[in-house]
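Data block below; observations after.
The values are calculated or read from the model by the stated rules, or taken from the named source; none is laboratory data. Quick caveat: nothing in here was measured; it's all calculated off a predicted structure. Methodologically, a virtual Cβ is constructed for each residue, glycine included, from the backbone with ideal geometry; neighbour enumeration extends over all protein chains shown. Areas reflect the complete protein model, heavy atoms only, side chains present, ligands, DNA and RNA absent. Shrake-Rupley method; radii C 1.70, N 1.55, O 1.52, S 1.80 Å.
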Amino acid sequence: MTTYEIIAKKKQGGELSQEEIQQVVDGYVTGDIPDYQMSALLMAICLRSMSDRETADLTMSMAHSGEMMKPDTGGFNVDKHSTGGVGDKTTLIAAPIAASCGVYVPKMSGRGLGHTGGTIDKLESIPGFRTELSYERFTDILRKNGLAVAGQSGSLVPADKKIYALRNATATVDSIPLICSSIMSKKIATGADGIVLDVKVGDGAFMKTAEDAEKLAELMVRAGRLAGRKCSALLTDMSKPLGHSVGNSLEVIEAIEALKGNAPKDLWEVSLALASEMISIAGLGTAEECRVMAEKAVASGKALERLSKMIELQGGDPGVIDDYGLFASPKKKKEIFADRDGFITGISCEKTGLISLSLGAGRSKKEDDVDSSAGIVFDRTVGDEVCKGDRLAVLYTSSECDLEGIAADFAGVFRFGDKTECPEEKNIIKIIKGY
Ligand code: URA
């Protein structure tokens, strides 16, 4: 079939064969298929969707478009992936916990883009920390410490790199089969035996409703299973920022505090659930046993030791664990106070992410630099009663931004009302086990 015929078939709602999908992925990576034809096919997929079988075939064709990794640890390798959120530092908490319980965690992470943060930017706020590691060094650190976090290598899933950039420019990002194949092709190519997915739901996430998040989660779990991997997904709340801090070094500090036993409730519940699932998927115990192992790993300080060792092995200064003054300090700060009495009934998550971005904590374009000291620390959260004049949050920045203007805008992230309008806290919405 020609590319033209494949596009026409999908436009009419037809189901593409494995050979047709493979032909398109191969042709696009080699450059034989031009952007305009791939764009037309992506739009047809957006409008007509794909069957589960087509999605699985697309995932596998993309995964095999480049290098396939298989870090040789001699143990069970578990990857964890979040679909992206605001204040989401759970990797920095769950991964050291799982590693200290005997799981190997080879983690390829991304940078923040848009209003969501990325683990690589967070870790790079630690003085000296390197995320560009050769495959040999990555495997060596993994064997020594059970945990390594690196940026995605250029040779991994080139099909996703090209297709994702095209989707970004052609309004074809928000398609569940395309999101599934993009995420799962990368997870499969990194060679994890087990994959734990954190699918975020709410105004700060890609998936705004629990129904869409569940559809995406089930599709990803099935794609993982078809590829022979153990896979599970947690649907977790992203209707307000996770934890108290948003911004790179601020989130690393909050993660360190969590490993010292001082996490806010929402952050702790999500991190504990993810860590327990990572231990459970590795076959190290029942769900309850794994939860107890995770709790003990924090109480004993073993999880914090793993994080400290990882920082050292990746060239960073492990002194940051006990001395937060080693992080770059922000040049300016602005305190935000309540202008009324009442209960906080909501905090806009997407708006918080965008404000953090304008303070310098994120990037609007891929090539922008991030201000590692910038961000927001909330004193109060949803459900809290406040009085006029109480401090709600502090904004930090070292960037040349309009801090007064941003602060005025920030006041709009809070919604106030009476106690009955406060939503019930539900941090873990659902767990989908695919093994
Ligand atoms: N994250 C990805 O890696 N790909 C998508 O399509 C969406 C989120």
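D26 - would you say it is surrounded by fewer than 18 Cβ atoms within 10 Å (Cβ to Cβ), in a loop (DSSP other than H, G, I, E, B) and either touching a helix residue (DSSP H, G or I) at 6+ places or on another chain (Cβ under 8 Å) or without any contact (Cβ under 8 Å) to a residue 12 or more places away in the chain (or both)? Reasoning before the result, please.
Numbers: surrounded by fewer than 18 Cβ atoms within 10 Å (Cβ to Cβ): yes; in a loop (DSSP other than H, G, I, E, B): no; either touching a helix residue (DSSP H, G or I) at 6+ places or on another chain (Cβ under 8 Å) or without any contact (Cβ under 8 Å) to a residue 12 or more places away in the chain (or both): yes.
It is false that D26 is surrounded by fewer than 18 Cβ atoms within 10 Å (Cβ to Cβ), in a loop (DSSP other than H, G, I, E, B) and either touching a helix residue (DSSP H, G or I) at 6+ places or on another chain (Cβ under 8 Å) or without any contact (Cβ under 8 Å) to a residue 12 or more places away in the chain (or both).
Consider the range 172-191. How many of its residues are part of a loop (DSSP other than H, G, I, E, B), open to solvent by less than 10 Å² (accessible area, probe 1.4 Å) and either within 12 Å of the ligand (Cβ to nearest atom) or farther than 19 Å from A223 by Cα (or both)? Before the answer, list the steps.
Step one: filter the range 172-191 for residues part of a loop (DSSP other than H, G, I, E, B), giving 172-175, 190-191.
With the extra rule that they be open to solvent by less than 10 Å² (accessible area, probe 1.4 Å), the set shrinks to 172, 175, 190-191.
Subset that is either within 12 Å of the ligand (Cβ to nearest atom) or farther than 19 Å from A223 by Cα (or both): 172, 175.
Residues in the range 172-191 being part of a loop (DSSP other than H, G, I, E, B), open to solvent by less than 10 Å² (accessible area, probe 1.4 Å) and either within 12 Å of the ligand (Cβ to nearest atom) or farther than 19 Å from A223 by Cα (or both): 2 in total.
Among the residues of the range 123-140, write down those that are crowded, with 18+ Cβ neighbours inside 10 Å, part of a helix (DSSP H, G or I) and in contact with a helix residue (DSSP H, G or I) (Cβ under 9 Å, 6 or more places away or on another chain).
Going through the range 123-140, the residues crowded, with 18+ Cβ neighbours inside 10 Å turn out to be 123-126, 129, 131, 133, 138-139.
Subsequent filtering for residues that are part of a helix (DSSP H, G or I) retains 123, 138-139.
Across the range 123-140, the qualifying residue is only L123.
Just to check your reading of the model, which residue among A255, A213 is more than 14 Å from the ligand (Cβ to nearest atom) and either assigned to a helix (DSSP H, G or I) or in contact with a Ser or Thr (Cβ under 8 Å, 6 or more places away or on another chain) (or both)? Please lay out each step first, then the result.
Numbers: A213 fails: more than 14 Å from the ligand (Cβ to nearest atom).
Residue meeting the stated conditions: A255.
Quick one: what pairs do we get from the range 84-102, first residue within 20 Å of L357 (Cβ to Cβ) and open to solvent by less than 10 Å² (accessible area, probe 1.4 Å), second within 16 Å of the ligand (Cβ to nearest atom) and assigned to a loop (DSSP other than H, G, I, E, B), C-beta under 6 Å, 6+ apart or different chains?
What qualifies is G85/G204; G85/A205; G85/M238; V86/G204.
How many of the residues in the range 29-72 are open to solvent by 20 Å² or more (accessible area, probe 1.4 Å) and of a type in the set (A, V, I, L, M)?
Residues of the range 29-72 open to solvent by 20 Å² or more (accessible area, probe 1.4 Å): 29-32, 34-37, 39-40, 43, 46-53, 57, 60, 64-68, 70, 72.
Filter again for of a type in the set (A, V, I, L, M), leaving 29, 40, 43, 47, 50, 60, 68.
Summing the residues that are open to solvent by 20 Å² or more (accessible area, probe 1.4 Å) and of a type in the set (A, V, I, L, M) in the range 29-72 gives 7.
Condition check: basic (K, R), part of a loop (DSSP other than H, G, I, E, B), out of contact with any strand residue (DSSP E or B) (no Cβ under 8 Å at 6 or more places or on another chain) and more than 19 Å from A192 (Cα to Cα). Does R111 satisfy that? So that I can check it myself, show each step before the final result.
Details: basic (K, R): yes; part of a loop (DSSP other than H, G, I, E, B): yes; out of contact with any strand residue (DSSP E or B) (no Cβ under 8 Å at 6 or more places or on another chain): no; more than 19 Å from A192 (Cα to Cα): yes.
Answer is no for this residue.
Out of the residues in the range 68-108 that are within 15 Å of the ligand (Cβ to nearest atom) and part of a strand (DSSP E or B), which is modelled with the lowest pLDDT?
Restricting attention to the range 68-108, the residues satisfying the condition of being within 15 Å of the ligand (Cβ to nearest atom) are 79-86, 88, 91, 107-108.
Pick out the ones that are also part of a strand (DSSP E or B) and you get 79-82, 107-108.
Numbers: D79: 95, K80: 95, H81: 93, S82: 92, K107: 92, M108: 87.
The residue in question is M108.
Checking I120 against (1) crowded, with 24+ Cβ neighbours inside 10 Å; (2) within 16 Å of the ligand (Cβ to nearest atom); (3) part of a helix (DSSP H, G or I): exactly one of these is not met. Which one?
Only one criterion in (1) crowded, with 24+ Cβ neighbours inside 10 Å; (2) within 16 Å of the ligand (Cβ to nearest atom); (3) part of a helix (DSSP H, G or I) is unmet by I120, namely (1).
Take the residues in the range 141-171 that are touching a Gly at 6+ places or on another chain (Cβ under 8 Å), outside any loop (DSSP other than H, G, I, E, B) and away from the ligand (no atom under 13 Å from the Cβ), then tell me which one is most open to solvent (accessible area, probe 1.4 Å).
R143
Within the range 258-268, identify whether any single residue is assigned to a loop (DSSP other than H, G, I, E, B), touching a residue at least 24 places away in the same chain (Cβ under 8 Å) and touching a Pro at 6+ places or on another chain (Cβ under 7 Å), and answer yes or no. Show your work before the answer.
In the first step, residues of the range 258-268 are kept if they are assigned to a loop (DSSP other than H, G, I, E, B); the result is 260-264.
If we keep only those that are touching a residue at least 24 places away in the same chain (Cβ under 8 Å) too, we end up with 260-261, 263-264.
From what is left, the residues that are touching a Pro at 6+ places or on another chain (Cβ under 7 Å) are none.
No, the range 258-268 contains no residue that is assigned to a loop (DSSP other than H, G, I, E, B), touching a residue at least 24 places away in the same chain (Cβ under 8 Å) and touching a Pro at 6+ places or on another chain (Cβ under 7 Å).
Might you check whether a residue that is on the phi > 0 side of the Ramachandran plot and out of contact with any Cys (no Cβ under 8 Å at 6 or more places or on another chain) occurs anywhere in the range 180-189?
Within the range 180-189 (the criterion being on the phi > 0 side of the Ramachandran plot and out of contact with any Cys (no Cβ under 8 Å at 6 or more places or on another chain)), the answer is no, since none of the residues qualifies.
What residue, among those in the range 320-350 that are in a helix (DSSP H, G or I) and in contact with an Asp or Glu (Cβ under 8 Å, 6 or more places away or on another chain), is modelled with the highest pLDDT? Steps first, answer last, please.
Residues of the range 320-350 in a helix (DSSP H, G or I): 320-321, 324-326, 349-350.
If we keep only those that are in contact with an Asp or Glu (Cβ under 8 Å, 6 or more places away or on another chain) as well, we get 326, 349-350.
Details: L326: 98, C349: 94, E350: 92.
Out of the qualifying residues, it is L326.
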